[in-house]
Amino acid sequence: MIRSMFGKIAQAAGLRRGSRRRLNGERGQAAVEFLLVLPVVMALILGITDLSLAVFSYNTIANAAQEAARYAALHPAAATGTCANPTAGIGDAVCRLTAGLRSDQVRYVATLEQGVVRVVVTYRQPLFSAAFAQAVGHSGELELNAVARTVVGPN
């Protein structure tokens, strides 16, 4: 009774017995298509994540460089270091503003020439997609540089 009801419903819907087998085979096809598309989608998601973090990191170090240049305009001095062990003054200004980044990867150089202070802050951003990047010959890190210049004011 149930089979005959199913047969009538299937006939009304335009399905035949062979088409049910074909639908079962299409499930395997969908799995194969998913496996083919998955690496592309994952690479796209990781790329978007890496780009977002790189923009955040660059904005952070650009702000730190500008603030360090402002500080150096009032307290002129040359300084070089990392945020893992900062120097007083300019180093404190840089490291305080880059607290959200990995401190061992933040480097700064402040130079004073002819009344102009130039501060360069460098950050090596590790990539989430490092495995993909290394597969194509990249190091898996992105080096970001921000430069700020300020004229030294009279003391």
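The values are calculated or read from the model by the stated rules, or taken from the named source; none is laboratory data. None of these values were measured; they are calculated from a predicted model. Cβ atoms come from the backbone with ideal geometry, glycine included; neighbour counts cover every protein chain shown.
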Which condition does Leu35 not pass, out of (1) modelled with pLDDT of 85 or more; (2) closer than 30 Å to Val106 by Cα, if it passes all the others? (2)
Just one of (1) farther than 24 Å from Glu141 by Cα; (2) in contact (Cβ under 8 Å) with a residue 40 or more places away in the chain trips up Thr49, so point out which. (1)
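The rows are residues; the columns are (1) assigned to a loop (DSSP other than H, G, I, E, B); (2) free of Cβ contacts under 8 Å to residues at least 40 places away in the same chain; (3) at negative phi.
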site	(1), (2), (3)
Tyr71	no, yes, yes
Val94	no, yes, yes
Leu101	yes, no, yes
Val117	no, no, yes
Thr122	no, no, yes
His138	yes, yes, yes
Can you say whether Phe128 is in contact with a helix residue (DSSP H, G or I) (Cβ under 7 Å, 6 or more places away or on another chain), assigned to a helix (DSSP H, G or I) and more than 20 Å from Gly153 (Cα to Cα), as far as the supplied structure shows? no
Restricting region 82-132 to residues that are farther than 30 Å from Leu44 by Cα and among the hydroxyl-bearing types (Ser, Thr, Tyr), which is surrounded by the fewest Cβ atoms within 10 Å (Cβ to Cβ)? Thr111
Residue check, Thr80 among the polar types (S, T, N, Q) and closer than 11 Å to Val119 by Cα: yes
